[in-house]
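**Q** My questions all concern the structure below.
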Amino acid sequence: MEVYIRSAGNISPQHSLDTDSFFLSRITTSNNYFKSEEPDYDSFIDSKMIRRMSRIVKMGVAAAMTCLKNAQVENPSAIITATAYGCLEDSSSFLRRMIEFDEKLLSPTAFIQSTHNTVGAQIALLLKCHNYNNTIVHRALSFENALTESILLLQEGTGPILAGAVDEITDDSHAILSRFGLFRKTDNHLGNIDGEGAAFFLLDKDPGEKPLAILKGLQILYNPESTVAIQNSVLEFLKENETTMDQVGFVLTSHTGIKRQDEQDDELMNLLFEGKNSFPFKSLCGDYPTASGFALWMGAVMLKEQMAPFWMEHGPKFPLKNILIHHHSGNSHHSFFLISAN
């Protein structure tokens, strides 16, 4: 089923809700993680409420409100939020207070706000939206499963649907994940970069006015046996969506800069995407479980504007019709998005 991406809102390390800045400049970092460029939240949220919101909630709310504003929609028929880690800042705060106060006289606020569905719930409260609301937590396939549920709801006649993904970095989470050797060291500018971001999309069967792009298909693969199995699955996926590899004009890949994590990407580039212009989208947003949300936003904006950022080497040729996005975490969680210009 083809789904129209009517609008989107995105907060990432590259820009803060401003699409123009994404095309004009590329943000780099000498640190071992990317922090999002956050907007002035006063234009989205009442100043008295801002003080009680954690950073991830503010990011999610601002991205969602921007998405709805761009589409001129006041209330969606459903809100579906994807997150792998949830509200890490509030979780850390609650656990620290448990230790500091010897598990006595604890305020429940941080615990209440640490649940994974806090972002989706806060969006609904601000919109006074009493429609369907769900949060998907499924590791590196959280966003993909949120999109799958959105498509199923659209098939049942529900729409438009606000679907998005949001995850954050905290000092604690970065320190813990770094122990597993997942990210580069500060003094080594080669390798994977920890990241974060919030991206929301308004999905519908109705294109509305000037949609960003069309989501033609989505495929999820878990723990494929080999790169050849991935290749065969992608070819079948394109066939199901009546698209050939020759019609794919650009590929967004999940290259991270870590050799052992990039082996399958390199093999796919040689086997399947040979000669295709491509770009590693995680070099812009960092690596986090729901980074595919940023990739979908990036691809949709490029299709809508029919242009690439001026700093992008080996960018696509225009006019551009189809973009294939490959997102994976490790070598177990794989997903492919096929998006087309309207």
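**Q** If I go through region 73-103 residue by residue, how many of them are touching a helix residue (DSSP H, G or I) at 6+ places or on another chain (Cβ under 9 Å), part of a loop (DSSP other than H, G, I, E, B) and of a type outside the set (D, E)?
**A** So the count comes out to 9.
**Q** Return the residue satisfying two criteria in turn: it lies in region 71-86 and is within 16 Å of the chain's Cα centre (by Cα) and open to solvent by less than 10 Å² (accessible area, probe 1.4 Å), and of such residues it is nearest to G159 (Cα to Cα).
**A** In the first step, residues of region 71-86 are kept if they are within 16 Å of the chain's Cα centre (by Cα); the result is 79-86.
With the extra rule that they be open to solvent by less than 10 Å² (accessible area, probe 1.4 Å), the set shrinks to 79-83, 86.
On the way: I79: 10, I80: 12, T81: 15, A82: 18, T83: 22, G86: 26 Å.
Restricting to residues being within 16 Å of the chain's Cα centre (by Cα) and open to solvent by less than 10 Å² (accessible area, probe 1.4 Å), the top hit is I79.
**Q** Tell me, yes or no, whether region 107-129 has at least one residue that is among the basic types (K, R), in the same structural domain as V166 (by TED's automatic domain parsing) and modelled with pLDDT of 95 or more. Steps first, answer last, please.
**A** Residues of region 107-129 that are among the basic types (K, R), as a first pass: 128.
So of that shortlist, the ones also in the same structural domain as V166 (by TED's automatic domain parsing) come out as 128.
From what is left, the residues that are modelled with pLDDT of 95 or more are 128.
Taking every residue of region 107-129 in turn, at least one turns out to be among the basic types (K, R), in the same structural domain as V166 (by TED's automatic domain parsing) and modelled with pLDDT of 95 or more.
**Q** Mind listing whichever residues of region 317-334 are under 13 Å from F281 (Cβ atoms) and either modelled with pLDDT of 95 or more or open to solvent by 10 Å² or more (accessible area, probe 1.4 Å) (or both)?
**A** Taking region 317-334 as the starting set, the residues that turn out to be under 13 Å from F281 (Cβ atoms) are 323-328.
Selection gives I323, L324, I325, H326, H327.
**Q** Would you mind stating whether I99 is of a type in the set (A, V, I, L, M, F, W, C), free of Cβ contacts under 8 Å to residues at least 12 places away in the same chain and open to solvent by 80 Å² or more (accessible area, probe 1.4 Å)?
**A** Values: of a type in the set (A, V, I, L, M, F, W, C): yes; free of Cβ contacts under 8 Å to residues at least 12 places away in the same chain: yes; open to solvent by 80 Å² or more (accessible area, probe 1.4 Å): yes.
Against the criterion (of a type in the set (A, V, I, L, M, F, W, C), free of Cβ contacts under 8 Å to residues at least 12 places away in the same chain and open to solvent by 80 Å² or more (accessible area, probe 1.4 Å)), I99 qualifies.
**Q** Also, quick follow-up: Mind counting the residues in region 102-120 that are open to solvent by 30 Å² or more (accessible area, probe 1.4 Å) and within 19 Å of the chain's Cα centre (by Cα)? Break it down into steps so the answer makes sense when it comes.
**A** The first filter runs over region 102-120 and keeps only residues open to solvent by 30 Å² or more (accessible area, probe 1.4 Å), leaving 102-109, 111-113, 115-117.
Then drop every residue that is not within 19 Å of the chain's Cα centre (by Cα), which leaves 116-117.
Of the residues in region 102-120, 2 are open to solvent by 30 Å² or more (accessible area, probe 1.4 Å) and within 19 Å of the chain's Cα centre (by Cα).
**Q** Scan region 238-249 for residues that are surrounded by fewer than 18 Cβ atoms within 10 Å (Cβ to Cβ) and in contact (Cβ under 8 Å) with a residue 24 or more places away in the chain and jot them down. First the steps, then the outcome.
**A** So the first thing to find is which residues in region 238-249 are surrounded by fewer than 18 Cβ atoms within 10 Å (Cβ to Cβ), and the list is 239-242, 244-247.
Answer for region 238-249, where residues must be surrounded by fewer than 18 Cβ atoms within 10 Å (Cβ to Cβ) and in contact (Cβ under 8 Å) with a residue 24 or more places away in the chain: N241, M245, Q247.
**Q** Looking at region 186-221, which of its residues are surrounded by fewer than 17 Cβ atoms within 10 Å (Cβ to Cβ) and modelled with pLDDT of 95 or more?
**A** Residues satisfying the conditions are K205, I220.
**Q** If you don't mind, there's one more thing I want to ask. In region 27-62, how many residues are of a type outside the set (S, T, Y), under 18 Å from F294 (Cβ atoms) and modelled with pLDDT under 85?
**A** Restricting attention to region 27-62, the residues satisfying the condition of being of a type outside the set (S, T, Y) are 27, 31-32, 34-35, 37-40, 42, 44-46, 48-53, 55-62.
Within this subset, residues satisfying the condition of being under 18 Å from F294 (Cβ atoms) are 27, 34-35, 37-39, 55-56, 58-62.
Imposing the further condition that a residue be modelled with pLDDT under 85 reduces the set to 27.
Qualifying residue count for the region: 1.
**Q** Would you tally the residues in region 258-269 being more than 13 Å from G181 (Cα to Cα) and open to solvent by 20 Å² or more (accessible area, probe 1.4 Å)?
**A** Adding up the residues that qualify gives 5.
**Q** A further question on this structure: Looking for something touching a helix residue (DSSP H, G or I) at 6+ places or on another chain (Cβ under 9 Å), over 22 Å from Y288 (Cα atoms) and open to solvent by 20 Å² or more (accessible area, probe 1.4 Å) - is there at least one such residue anywhere in region 3-24? Give the steps one after another, and end with the answer.
**A** In the first step, residues of region 3-24 are kept if they are touching a helix residue (DSSP H, G or I) at 6+ places or on another chain (Cβ under 9 Å); the result is 3, 5-17, 19, 22-23.
Of the ones still in play, those that are also over 22 Å from Y288 (Cα atoms) are 3, 5-7, 23.
Keeping just the survivors that are open to solvent by 20 Å² or more (accessible area, probe 1.4 Å) gives 6.
Looking for residues that are touching a helix residue (DSSP H, G or I) at 6+ places or on another chain (Cβ under 9 Å), over 22 Å from Y288 (Cα atoms) and open to solvent by 20 Å² or more (accessible area, probe 1.4 Å), one finds at least one in region 3-24, hence yes.
The values are calculated or read from the model by the stated rules, or taken from the named source; none is laboratory data. In this text the structure is predicted, and so the values were computed from the model without any measurement. FYI the Cβ positions are ideal-geometry reconstructions off the backbone, even for glycines, and counts take in every protein chain you see. Please note that ligands, DNA and RNA were not included when accessible areas were found on the heavy atoms of the full protein model with its side chains. Shrake-Rupley method; radii C 1.70, N 1.55, O 1.52, S 1.80 Å.
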